[in-house]
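Trainee: Can you keep this structure in mind? I'll have questions shortly.
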Amino acid sequence: MSTSTPKNATILTEQKSKSNSPRQNDDDDECILDKHLFEESFERASADLEILCAAYPQEISIFVQPDSSRNCSTEAEERDNDDVLLMNHHHMEHYQIPSWFPLIFTLSLPSSLDDVNITCQQKFGANVTMEFPAGYPTQKPLQVISYRISPSINKEYIEKVVSCVQKAATESSGLYGGGQECGLQCCAAALDCWNECLTRQQEEHENVQNQPVTDDHNSFITEECKHVQRPQDEIHWISADKTLVDRKSVFQAHVCAVHSDEMVKRAVNQLIESSSKIQRATHNMYAYRFVEKTKDGKVLVKHDNYDDGEDAAGSRLAQLLEMRKENGVLVLVSRWYGGIHLGPKRFAHINNVARDLLVECHEKGLLPDTEKV
């Protein structure tokens, strides 16, 4: 069945695997779907996706697979072609729902309540990528496959949104004993939850601004402000010249010297805002580790990590920094998903590109020579 989406709906292009199978799961070989078994499922799922595009033309982006005859001779050419296809799809006047599974789409969320006249894609706050799997809605519910959030926004907000989506999907799957379409309910629940979180954030910000100013100006200079004023806090990112490509997924590492939690936040924001390509990465997971000494001479190792929707990826980067006893280092790995699941292999790629860049930077003296702790 061939259906179309509204003119304003955005299409994000996803690479097609070398085989003719529609999807490859994490642990098995390519999964061949019997069209006779899932024909009714596809009709219901594609109709649900079309309804979503009509209801949220600015917020919904559909992942489609380009013509398999399109070949790229180099990694750089392949990534450049991805960008061209993405731009061309934005200028097309007629969009097609994919002709078969997988049916994957992304719901974009704005960065603030003030972004009324700006599309969510232009003012990125967060997004949730979901899928109507084969068997939807009677056998399998809508599934959340990844999510991202801007480093400047509390990551608890996106976790609440994902929880709301999963709850709505679970409730719909149990309706009438057979499961009902739930795309609209899930996206509405996500947007309502997100707007509530942004409202709370805005209220908290206004309360801080309304605090009375005292004569003791120095009492309002926080440690964060002091760090901003220090000239040695300049941020210098080092990105790997080479990327790792596996089945259309691309991995690239970035490293930066840091010495405070506040500096980590600024560094991550700066890197993502500096590149539209990094902004479009499916995941930007990171970890950091540095040492602070207290006034009484005690040594504190401060560390944390962030998955950005790639479960356990941040903790694996943190383990890498711990094993290498890195001090004063922030490492971030960007992954552009290529349409084929890599399974556990993806974690090896994430750690390998991060380790290779760390080794290269230390050998060339590009990172500060700090004491290993």
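The values are calculated or read from the model by the stated rules, or taken from the named source; none is laboratory data. On a predicted model such as this, the values are computed, not experimentally measured, just so you know. Here the Cβ positions follow ideal geometry from the backbone for every residue, glycine too, while neighbour counts run over all protein chains shown. With ligands, DNA and RNA removed, areas are computed over all heavy atoms of the protein, side chains included. Shrake-Rupley method; radii C 1.70, N 1.55, O 1.52, S 1.80 Å.
Trainee: Roughly how many Å² of TRP237 are accessible to a 1.4 Å probe, to the nearest 10?
Mentor: Rounded to the nearest 10, the figure is 50 Å².
Trainee: Then there's this: Might you work out the accessible area of GLU310 for me, using a 1.4 Å probe with all protein chains in place, and round it to the nearest 10 Å²?
Mentor: Accessible area, nearest 10 Å²: 10 Å².
Trainee: Just to confirm, what accessible area per residue do you get for the stretch 282-373 at 1.4 Å probe, in whole Å²? All intermediate terms of the calculation are to be shown ahead of the outcome.
Mentor: On the way: 4360 Å² over 92 residues.
For the stretch 282-373, the per-residue accessible area is 47 Å².
Trainee: A follow-up question, please. Given LYS140/LYS167; LYS302/LYS345; LYS302/LYS325, which pairs have Cα atoms separated by over 19 Å? Walk me through the numbers on the way to the answer.
Mentor: Working: LYS140/LYS167 14 Å; LYS302/LYS345 29 Å; LYS302/LYS325 12 Å.
Correct reply: LYS302/LYS345.
Trainee: Still on this structure, I have one more. Count the net charge of all other residues whose Cβ sits under 10 Å from the Cβ of SER249, scoring Lys and Arg as +1 and Asp and Glu as -1. Walk me through the numbers on the way to the answer.
Mentor: Values: positive: ARG247, LYS248, ARG335, LYS345, ARG346; negative: ASP246.
Local net charge: +4.
Trainee: Residue-wise, which Karplus ³J(HN,Hα) couplings in Hz belong to the stretch 297-310, taking 6.51 cos²θ - 1.76 cosθ + 1.60, θ = phi - 60°, and x for glycine or proline?
Mentor: x, 6, 9, 10, 8, 9, 7, 6, 8, 9, 7, 6, x, 9
Trainee: Not counting ligands, DNA or RNA, and with a 1.4 Å probe, what is HIS205's accessible surface area in Å² rounded to the nearest 10?
Mentor: Answer for HIS205: close to 110 Å² accessible.
Trainee: Determine the order of GLU131, GLU181 by accessible area, beginning with the largest, at a probe radius of 1.4 Å.
Mentor: Numbers: GLU131 15, GLU181 55 Å².
Ranked from most to least accessible, the order is GLU181, GLU131.
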